[in-house]
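Below you'll find the structure, written out as structure tokens, and then a few comments.
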Amino acid sequence: GQNIDQPTEMTATEGAIVQINCTYQTSGFNGLFWYQQHAGEAPTFLSYNVLDGLEEKGRFSSFLSRSKGYSYLLLKELQMKDSASYLCAVWDTGTALIFGKGTTLSVSS
Amino acid sequence: EPEVTQTPSHQVTQMGQEVILRCVPISNHLYFYWYRQILGQKVEFLVSFYNNEISEKSEIFDDQFSVERPDGSNFTLKIRSTKLEDSAMYFCASSDDRGGEKLFFGSGTQLSVL
């Protein structure tokens, strides 16, 4: 089966750093994605990891450990506009990207 | 940046009616997908489509659902006889590779079944 777990909610303040964790158990693995979704909108791509290690992209970084079935998304210098849901998604052996339930991040001033 | 377009943005229908949700994927993409998201819940995979046939479908995608690529640009999802529980946001997505490639999502069709 497939299971992707991430915290339901997180809060942080502007300018801070927040780490959103994701653990997964899937039958296969072809990559892990992070998407951002603002309320009522479509998911938009943030990052992709297929090999172990850290991928950095501006204020956002994503880490993967395949042996642990673990990833995190790191958001630095938080801004109010970063308030959104962050979706962890895994591509297993099929043709579909499977999403976790998402973590709703609230950034306050 | 090229985008996936979906129409209509909102669809209201009566239970038991047929609906067709329309999508225009990015023009050079080869793989097409439908996902749905019930309010407050996760994004759920419905079906993937490649080379004019279904590649994979989830258990949600039962006989009430069908997909079609009627011409070179459109990709449609048909729900034959809608149920109350079909009320959700339906997202179309496309990619130019099966795996290891990001999906581009359309802005969605909010389907309300009354």
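The values are calculated or read from the model by the stated rules, or taken from the named source; none is laboratory data. As the structure is a computational prediction, the values presented were derived from the model and not from experiment. Note that each Cβ is placed from the backbone with ideal geometry, even for glycine, and that neighbours are counted across all protein chains shown.
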Of these, B:Glu56, B:Glu44, which one is within 7 Å of another protein chain (Cβ to nearest Cβ) and not basic (Lys, Arg)? B:Glu56
Could you identify the single residue in A:Leu74, A:Leu64, A:Leu54, A:Leu32 that is farther than 21 Å from B:Ser107 by Cα, among the hydrophobic types (A, V, I, L, M, F, W, C), part of a strand (DSSP E or B) and within 11 Å of another protein chain (Cβ to nearest Cβ)? A:Leu32
Could you list, in sequence order, all residues of segment A:1-17 that are surrounded by 19 or more Cβ atoms within 10 Å (Cβ to Cβ) and part of a strand (DSSP E or B)? A:Ile4
Checked segment A:77-97 for anything within 12 Å of another protein chain (Cβ to nearest Cβ), over 12 Å from A:Ile20 (Cβ atoms) and either assigned to a strand (DSSP E or B) or of a type in the set (Gly, Ala, Ser) (or both); matches are A:Ala89, A:Val90, A:Trp91, A:Gly94, A:Ala96, A:Leu97
Do you know which residues across segment B:60-110 are assigned to a strand (DSSP E or B), away from chain A (no Cβ under 14 Å) and of a type in the set (A, V, I, L, M)? B:Leu77, B:Ile79
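Working carefully through the options B:Val24, B:Val67, B:Val47, find the one that is within 12 Å of B:Phe91 (Cα to Cα), in contact with a Phe, Trp or Tyr (Cβ under 8 Å, 6 or more places away or on another chain) and crowded, with 21+ Cβ neighbours inside 10 Å.
Checking each option against the conditions leaves just B:Val47.
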Members of segment A:73-101 found to be acidic (Asp, Glu), crowded, with 17+ Cβ neighbours inside 10 Å and at pLDDT 95 or above, listed by number: A:Asp82
